[in-house]
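Notes for the one structure printed next.
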Amino acid sequence: MIDTSAVLSSGSALVTALRGLAATADALSKADLKGRILDAQGQALELQEKFFTLVRENDELREDREFKKTITFKDGMYWSSRPENPGPFCPTCYGKTGKAIPMLEKVGLVGRWCGACKTHVVESGTGPNLPWSSPAPEPAFRRDQEF
């Protein structure tokens, strides 16, 4: 991330350089004047790059904040109410880093797993009630029931 105080001081330095240039333009030789103008242009370009970086970072943070408003926890995983990316997302990764890493279906296993941290989650109704899974649903009948 860019330090905003550095951007502000760069902008202040640029303004100071331009004011000094304007004040001494008559006394400077043509070559010296061109050199100072090029320095001022370089500072302006640096400042513009920093500004665009800050705008991009701000947009990313805003998008992340809006996405986090749509997240809910259900069946041992995080889900989003956004139709374009509903999830599920890894509970371990989201809990530790705040990153929404999609959970994958693994062939031969019940439930879903995370490719980043290898967390395995069994969705309710899809397998045994293991310690890392959500509770299994009630069976349709019990052994002590009579038919």
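The values are calculated or read from the model by the stated rules, or taken from the named source; none is laboratory data. These numbers were taken from a predicted model, which means no experiment stands behind them. For neighbour counting, all protein chains shown are included, and Cβ atoms are generated from backbone atoms with ideal geometry for every residue, glycine included.
Within the option set Pro86, Pro91, being of a type outside the set (S, T, N, Q), crowded, with 16+ Cβ neighbours inside 10 Å and modelled with pLDDT of 85 or more holds for one residue only, Pro91.
Looking across region 65-77, the residues that are under 16 Å from the mean Cα position of the chain (by Cα) and either in contact (Cβ under 8 Å) with a residue 24 or more places away in the chain or not in a helix (DSSP H, G or I) (or both) come down to Phe67, Lys68, Lys69, Thr70, Ile71. The condition of being at pLDDT below 85, of a type in the set (S, T, N, Q) and in contact with a helix residue (DSSP H, G or I) (Cβ under 7 Å, 6 or more places away or on another chain) holds for Ser10.
The requirement of being of a type in the set (S, T, N, Q) and surrounded by 12 or more Cβ atoms within 10 Å (Cβ to Cβ) is satisfied by Thr53.
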